[in-house]
């Protein structure tokens, strides 16, 4: 049902990507799935191609490589839509810990490896409680809290708040300190 509703975006966004920047429509990257099993995550490409940076996993300069349309896609989370195909394939779920790059997952501590106990999600507790404003350690803590307390009710709350974040922007849910208001789950 969701794919039918979103199908115009699956036609419109690739066309705009092709018009606005050369190169492939999709960005593919190996990520760690459930049990650490690698899979290829799909996203709409939002950056100018830079093979060397991709090969060296240099992501600090991503903002400089974003195209104007890419920045809009990132702000509205449109770049994440192709992950619905990962969900259909069974590599991901709608809600869960965000999938880590495989090299990063290989360096997890035993505590952090708990993130690999369930299928990674398109959205999660960290994404609706500050996301970019959170440190890596804070994101891990949110993921571990989700794993310990997950339920259908919590998933529904996260999906609802994700829709609000997409519509209103992450900034609408962050205080001046960079953390979410009392709407934390």
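The values are calculated or read from the model by the stated rules, or taken from the named source; none is laboratory data. The structure presented is a predicted model; accordingly, all values stated were derived computationally and were not measured. Methodologically, a virtual Cβ is constructed for each residue, glycine included, from the backbone with ideal geometry; neighbour enumeration extends over all protein chains shown.
Points to keep in mind about this one:
- Here segment 4-25 is the region considered, the condition is being closer than 12 Å to residue 82 by Cα and out of contact with any helix residue (DSSP H, G or I) (no Cβ under 8 Å at 6 or more places or on another chain), and the residue that is modelled with the highest pLDDT is 14.
- Of all residues in segment 142-156, those satisfying the criterion of being in a helix (DSSP H, G or I) and without any contact (Cβ under 8 Å) to a residue 12 or more places away in the chain are 148, 149, 152, 153, 156.
- The lone exception for residue 112 - which of (1) more than 24 Å from residue 74 (Cβ to Cβ); (2) touching a residue at least 40 places away in the same chain (Cβ under 8 Å); (3) crowded, with 17+ Cβ neighbours inside 10 Å it fails: (2)
- Yes/no for residue 92 being within 22 Å of residue 162 (Cα to Cα), more than 15 Å from the chain's Cα centre (by Cα) and modelled with pLDDT of 95 or more: no
- Within segment 27-59, considering residues that are surrounded by fewer than 16 Cβ atoms within 10 Å (Cβ to Cβ) and modelled with pLDDT of 90 or more, the one farthest from residue 118 (Cα to Cα): 28
- Screening the candidates 132, 126 for the property of being surrounded by fewer than 19 Cβ atoms within 10 Å (Cβ to Cβ) and either in contact with a helix residue (DSSP H, G or I) (Cβ under 9 Å, 6 or more places away or on another chain) or at pLDDT 95 or above (or both) yields one hit, 132.
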